[in-house]
1. List the equivalent ellipsoid semi-axes of region 27-171 in whole Å, largest first, each obtained as the square root of 5λ for an eigenvalue λ of the Cα gyration tensor.
2. Radius of gyration and Dmax for region 99-206's Cα atoms, expressed in Å?
3. What is the angle, in °, between the Cα long axis of helix 278-289 and the longest principal axis of the Cα atoms in the chain? Nearest 10 is fine, range 0 to 90.
4. Taking every eigenvalue of the Cα gyration tensor of the chain, multiplying by 5 and rooting it, what semi-axes result, largest first, whole Å?
5. With both bridge residues required to lie in region 46-194, what share of the DSSP beta bridges run antiparallel, to the nearest 5%?
6. Taking each pair of distinct Cα atoms in region 212-428 once, what is the resulting Kirkwood hydrodynamic radius in Å?
7. Any idea what angle helix 225-236 forms with the longest principal axis of the chain, computed on alpha-carbon atoms, 0 to 90 degrees, nearest 10?
8. Per the Cauchy relation, a quarter of the hull surface: what is the mean projected area of the convex hull of the alpha carbons in region 356-412, in nm²?
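Nothing in this text is a laboratory measurement; each read-out follows from the coordinates by a stated rule. Being a predicted model, the structure only gives us computed values, none of them experimental. Cβ sites come from the backbone with ideal geometry, for glycine too, and all protein chains shown count toward neighbours.
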Ligand SMILES: Cc1cc2nc3c(=O)[nH]c(=O)nc-3n(C[C@H](O)[C@H](O)[C@H](O)COP(=O)(O)OP(=O)(O)OC[C@H]3O[C@@H](n4cnc5c(N)ncnc54)[C@H](O)[C@@H]3O)c2cc1C
């Protein structure tokens with residue numbers, strides 16, 4: 001809900017006096033571009049945007065928002081846009097993007113706006129790597145707050161399992177140094193609980209000694225999709241923990257920029273990342289290559305700094321709607337159910353991704369956090385392109401197959417999804433609740449009620465301070 005301009009005037013005046021960065025209003029020419037990021041469907045329409053230049057700016061923005069009862073949202077890269085909202089104050093963190101590596105302690109201090117690409121580059125200079133994901137353009141802090149399922153996830157676990165300290169501006173505008181010792185409840189909840197407990201201005205994370213990876217992609221043409229999918233599923237049952245893989249069914253457009261071998265084809269892309277040398281890697285993935293000829297086979301040793309080439313995620317802003325589901329198993333029935341609904345020959349072909357989990361992801365870290373569904377074997381995700389100006393009816397029609405896939409997979413699902421892949425209208429309170437175990441969700445609600453009882457931080461994948469349904 002928007003607040004009238006006259007009611008906002010005192011808040012704007014205080015912000016203009018206190019903020020070193022920029023205070024933008026909807027009538028400012030740069031407002032639309034500043035308040036939008038990678039996701040272009042369902043843009044935010046806040047009343048005020050504060051582009052923070054310092055952590056003091058974040059404190060001022062939160063204090064003013066609290067004083068004037070303006071709900072707070074946070075935007076960095078825009079890769080995880082929450083449900084559409086109107087009104088309130090948006091803290092834009094992009095310009096608060098410092099990265100400091102401490103090679104001796106294998107650690108990095110990352111500011112709120114740092115992207116993984118900046119961290120990868122800074123860590124790579126010391127033969128180290130962060131636990132980054134499929135695209136380096138995602139914000140490192142936002143990704144880690146939602147769990148952080150990375151390229152080497154089966155080897156090292158979630159990024160949220162490797163956080164040492166967090167600097168947080170809480171709902172009273174105070175900056176707090178949060179560690180397991182200082183604030184055990186917040187430290188548990190922040191690592192997996194998203195942006196619900198305040199604005200994170202920086203965090204210290206572990207780096208791992210991985211300079212070189214064995215990785216890349218195998219691409220199978222449409223006639224081999226079903227066989228390659230089944231072979232990959234069978235192979236995961238005995239895959240080494242050092243190897244993390246996923247598969248993506250991708251309808252490539254017939255346009256310049258797409259490799260010739262893939263133009264206009266609906267292919268299965270097997271994405272491989274392993275902390276192994278080339279000989280061990282080649283041996284481990286031999287059963288995948290044995291499926292048949294590949295349109296492209298680009299798997300080998302590469303520096304971690306080139307890890308974006310493994311998944312080759314899109315980099316240009318786009319509109320999309322997503323759905324995701326943790327699965328305990330993927331029998332043939334389940335695979336067929338998915339292919340029938342969203343595969344190459346279905347009425348709604350779209351991008352389908354399945355990530356193999358297990359390994360270190362199953363093991364909670366020494367200092368537990370709220371990341372849930374650790375026993376799941378696979379994570380399935382669907383992405384449907386959606387024009388930025390789609391009407392609600394058009395958007396609903398485009399995402400209709402998501403509900404069908406979810407219903408068809410119910411017998412094999414844990415019932416929940418992954419926080420970081422909840423986007424837009426799919427990030428409603430019920431889906432956010434299901435992303436956690438009932439016990440973890442109850443504890444998150446308690447922590448929220450303690451630190452943000454008014455739900456000031458609600459323009460996010462929200463955990464309200466009182467549970468809307470009583471989790472069983
Ligand atoms: C192409 C693509 C690839 C992806 N790959 C992966 C992957 O491999 N693994 C994975 O785990 N996830 C992945 N994601 C999901 C991504 O990690 C989440 O959407 C994450 O929330 C993005 O954070 P952001 O800051 O970049 O995005 P934004 O949209 O800017 O922020 C998303 C939300 O994060 C919260 N947030 C961000 N920064 C802060 C802060 N400083 N303080 C408090 N809250 C904050 C806010 O609630 C905000 O609404 C991918 C997403 C896309 C679109």
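1. 29, 17, 14
2. Rg and Dmax of region 99-206, Cα atoms, are 13.0, 40 Å.
3. Approximately 70 degrees, to the nearest 10.
4. Semi-axes, largest first: 36, 25, 21 Å.
5. 55 percent
6. This gives a value of 18.2 Å.
7. 80 degrees
8. Orientation-averaged projected area of the Cα hull: 5.9 nm².
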